[in-house]
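To start, the structure under review is shown below, and the notes come after it.
The values are calculated or read from the model by the stated rules, or taken from the named source; none is laboratory data. Owing to the predicted nature of the structure, the values given are computational and were not obtained by experimental measurement. With ideal geometry, Cβ positions are generated from the backbone for all residues, glycine too; neighbour counts draw on all protein chains shown.
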Amino acid sequence: MEAIELLRNPIEDCHAWLEATMSDVTPEQAHWRPPGLANPIAAVYAHVIVGADVGVNTILNGRPPLIHSQWGGTAAGACPLAAAWCWPKVAKAA
């Protein structure tokens with residue numbers, strides 16, 4: 001088994017868990033700004049997706065991350081969770 005195959009299942013499992021966790025979050029909940037230093041759920045989600053993009057595409061595949069190409073260079077382009085949950089974008093590109 002190749003190294004990439006050893007990493008694929010745990011990465012897919014992590015993202016399945018993330019998507020299951022996010023499945024019932026409404027846009028209002030995702031964008032709610034909690035008091036203090038906490039971030040909105042959408043900001044944390046975008047951070048995770050962009051991190052996965054960099055990890056999968058740059059480190060594992062040796063390609064530019066989608067955030068610098070297809071997503072227009074912004075986290076908003078990556079995660080219009082703004083509009084919709086975006087792991088499928090990362091998964092299709094990997």
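Data for the structure
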quantity: Criterion (exposed (fewer than 11 other Cβ atoms within 10 Å of the Cβ) and at pLDDT 85 or above) met by exactly one of Pro27, Pro35; calculated: Pro35
quantity: Top-ranked residue of the range 4-53 - restricted to ones that are in a helix (DSSP H, G or I) and of a type in the set (Ser, Thr, Tyr), ranked as nearest to Pro65 (Cα to Cα); calculated: Tyr45
